[in-house]
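Enquirer: I am attaching a structure below and will ask some questions about it afterwards.
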Amino acid sequence: MGRHEQREQVFRLLFQTEFHMPEEMPRQMRLFLEDNEEIGSQKDADYIETRCQSIREKIPEIDRLIDDNTVGWQTARMGKVELAVLRLAVYEMRYDQDIPEGVAIDEAVEIAKQYGQENSGGFVNAILGKIAKLKTQGD
């Protein structure tokens, strides 16, 4: 499984977190990983689970950053697809030094186009572009 496929699986698992209570998520993660034929190896399953848990731990910080860089769109009002994509991308941009910022943005836009509504790609791109500029300005 390549990075793109892993990222897509992490997105799908993050998306599910919006529909479950936090205490239900360990069981939901297990079910997702066990029942998912697209995940071919235990190594991939471990990566997906670890990445999702890492992102979930940072959600308060990530959501604050997203909220601070949107006008009229707080995370509480965003579509669940867009929110999951943004959380994944912001995590990669801020906390994963192995992923170039441009790759994180491009992948997020592609996932948003695939799973979201017609304007999801542009919406995600605009917010992530604004967040990327902050980093170059030194926050």
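Enquirer: In Å², what does the accessible area per residue of the chain work out to with a 1.4 Å probe?
Expert: Solvent-accessible surface per residue comes out at 56 Å².
Enquirer: Still on this model: Whole-Hz Karplus ³J(HN,Hα) for the range 44-58, in order, using 6.51 cos²θ - 1.76 cosθ + 1.60 and θ = phi - 60°, x for Gly and Pro?
Expert: Values, residue by residue: 5, 4, 5, 4, 4, 5, 5, 5, 4, 4, 4, 5, 4, 5, 9 Hz.
Enquirer: Right, next: Which whole-Hz couplings ³J(HN,Hα) result when phi for each residue of the range 82-90 is put into the Karplus expression 6.51 cos²θ - 1.76 cosθ + 1.60, θ = phi - 60°, listed in order with x for Gly and Pro?
Expert: Listing the rounded values in order: 4, 5, 5, 5, 4, 4, 4, 5, 5 Hz.
Enquirer: Short version: what are the Cα gyration tensor semi-axes of the range 68-113, square root of 5 times each eigenvalue, largest first, in whole Å?
Expert: 20, 12, 8
Enquirer: Going Cα to Cα from LYS133, which lysines come in below 26 Å? Please leave out same-chain ones fewer than 8 positions away.
Expert: Output for LYS133: LYS58, LYS80, LYS113.
Enquirer: Using a 1.4 Å probe over the heavy atoms of the protein chains, calculate the carbon and sulfur portion of the accessible area of the chain as a whole percent.
Expert: Roughly 47 percent, rounded to a whole number.
Enquirer: For the range 6-69 and the range 90-139, what is the separation of their C-alpha centers, rounded to whole Å?
Expert: Their Cα centres are 18 Å away from one another.
Enquirer: Near the amide H of ASN36, under 5 Å away, which other amide H atoms are found, from residues 5 or more places off or on another chain, if H is placed in the peptide plane?
Expert: Amide H neighbours of ASN36: none.
Enquirer: About the Cα centre of the range 8-139, how large is the charge dipole given +1 on each Lys and Arg Cβ and -1 on each Asp and Glu Cβ? Please answer in debye to the nearest 20. Could you put the intermediate results ahead of the total?
Expert: Details: 16 positive and 26 negative charges, 92 e Å.
Here the size comes out at about 440 debye.
Enquirer: Under 10 Å from the Cβ of GLU110, count the other residues' Cβ atoms, weight Lys and Arg +1, Asp and Glu -1, and hand me the total.
Expert: Once all neighbours under 10 Å are counted, the net charge is -1.
The values are calculated or read from the model by the stated rules, or taken from the named source; none is laboratory data. Computed from a prediction, not measured in an experiment: that's the story for all the values here. In this analysis, Cβ positions are derived from the backbone assuming ideal geometry, glycine residues included, and neighbour counts consider all displayed protein chains. Just so you know, the surface numbers come from the protein's heavy atoms only, side chains and all, with ligands and any DNA or RNA stripped out. Shrake-Rupley method; radii C 1.70, N 1.55, O 1.52, S 1.80 Å.
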